[in-house]
1. Using a cut-off of under 20 Å, list every residue of the stretch 14-33 whose amide N is near the label point 7 Å from the Cα of K4 along the Cα-to-beta-carbon line.
2. Straight-line reach from K4: which lysines fall under 17 Å, measuring Cα to Cα and dropping same-chain residues less than 8 apart?
3. Among K96, K4, what is the fewest-to-most ranking by other Cβ atoms within 10 Å?
4. Can you tell me the relative contact order of the chain? Whole percent, Cα pairs under 8 Å, sequence separation 6 or more.
5. Give the calculated FRET efficiency between A33 and E67 to the nearest 0.05, with a Förster radius of 25 Å applied to their Cβ-Cβ distance.
6. Given +1 on the Cβ of Lys and Arg, -1 on the Cβ of Asp and Glu, and no further charges, what dipole in debye does the chain carry about its Cα centre, rounded to the nearest 20?
7. When we measure straight from the Cα of K15, which aspartates and glutamates land under 15 angstrom away, once same-chain ones fewer than 8 places off are left out?
Amino acid sequence: MHEKSPDALGTRVSKEEKLEDFGPGAYRYWAKAGEKTPGGLHFNCPCGCRVVYGVNFERNKWNSNLERPTLVGTIACQLVKPGQSLGLDGWHWRGKLVQGTFIGTI
Ligand SMILES: [Zn+2]
């Protein structure tokens, strides 16, 4: 039995705020030192496990929309905590970011 990963509506968090204060799917952009364009984003795992993961736009191409980001390709969250259920594919949340919403896939 392999259940679908949960969806999470993304909330954009500013640099001054803590991701930890927000719920599943909250995300914040990061940029390399000296660069203004985001190089990727950090996000609270959509499954609700409260682990923060990162995405690099060199791997998952970004549509340059700050408010409703869409990324090309799959985002996968690796098992990091004991007791988290592990899917057959080796990930505990797997899906896409489409127009600011994390959409879980099988
Ligand atoms: Zn998780």
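Rule-based calculations on the coordinates, nothing more; no lab input. The structure presented is a predicted model; accordingly, all values stated were derived computationally and were not measured. Heads up, the Cβs are rebuilt from the backbone with ideal geometry, glycines too, and the neighbour counts pull from every protein chain shown.
1. Backbone N within reach: 24-26.
2. K96
3. Ordered by Cβ neighbours within 10 Å, fewest first: K4, K96.
4. Relative contact order here is 27 percent.
5. Values: r = 24 Å, r/R0 = 0.98.
Here the calculated transfer efficiency is 0.55.
6. 180
7. Cross-link targets: E35, E67.
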